[in-house]
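Single-structure report; data block below.
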Amino acid sequence: MSFDNLPIDSAVHNLQQDVQDDAAWVKLVGRYQGRITAWCLKQGLQLADAENVSQEVLYRLTRKIHMYDPKKGPFPTWLRRVTIHVCSTYRRKQSKAPSGSGDTSQMMRLQEVQDDTTGFWEGIDEAGDRELLQRALVLAQAKVTKEAWTIFRMAALEKIAGPVIADQLGISAQSVYSTRHRVLGVVKEVLAQLQKE
């Protein structure tokens, strides 16, 4: 069955039965990622924050989709409630986080910790590990926005420096680092699930 022909209700049902169903994830993400971002924007988040929260919602779905009960209402209504909850949590954390000073010493400190992927790649030695990683990368790419994947690809796979990516894409270096770290978390999660199979 092609991804496009899978009814969304079937996709949700399939994911509740098997969270590893790649076709169902592709269908679900394709159908709802834009809506999730729009719901975040309606909650007052800026676009970059809305996209980050959208990724967090999708990540949480990998662990919580089994909690959706169709008898209590349609999936979009449940998903919207989950999104609003994640938005509230995000805003609360943001209000408690110290704001950056923007000075050079802060940027240097950020650059010192910028590459959290080095140890991860060094652990992928054997051919079987590399094949599993390739599959994890494909599955993880389907779970993140196109923009987030571009940043991750440039920073983690092509090893382009964060400030260079920031200049090319017109975003902050901090956004580059946080996006790379967040997408790496998705890759690690997918890889861990594949290793269990």
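FYI, it's all coordinate maths here, none of it is from the lab. Just so it is clear, the model here is predicted, and its values are computed rather than measured. Cβ sites come from the backbone with ideal geometry, for glycine too, and all protein chains shown count toward neighbours.
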_Cβ-based net charge around V144, under 12 Å, with every Lys or Arg adding one and every Asp or Glu removing one_ = +1
_Descending Cα extents along the principal axes, segment 1-97, whole Å_ = 45, 25, 21
_Calculated FRET value between R31 and T77, using beta carbons and R₀ = 22 Å, to 0.05_ = 0.90
_Within-14-Å neighbourhood charge of G44 [Cβ basis; K, R +1; D, E -1]_ = +2
*asked:* Under 27 Å between alpha carbons, and skipping anything fewer than 8 positions from K93 in its own chain: which lysines qualify?
replied: K42, K64, K143, K146, K188
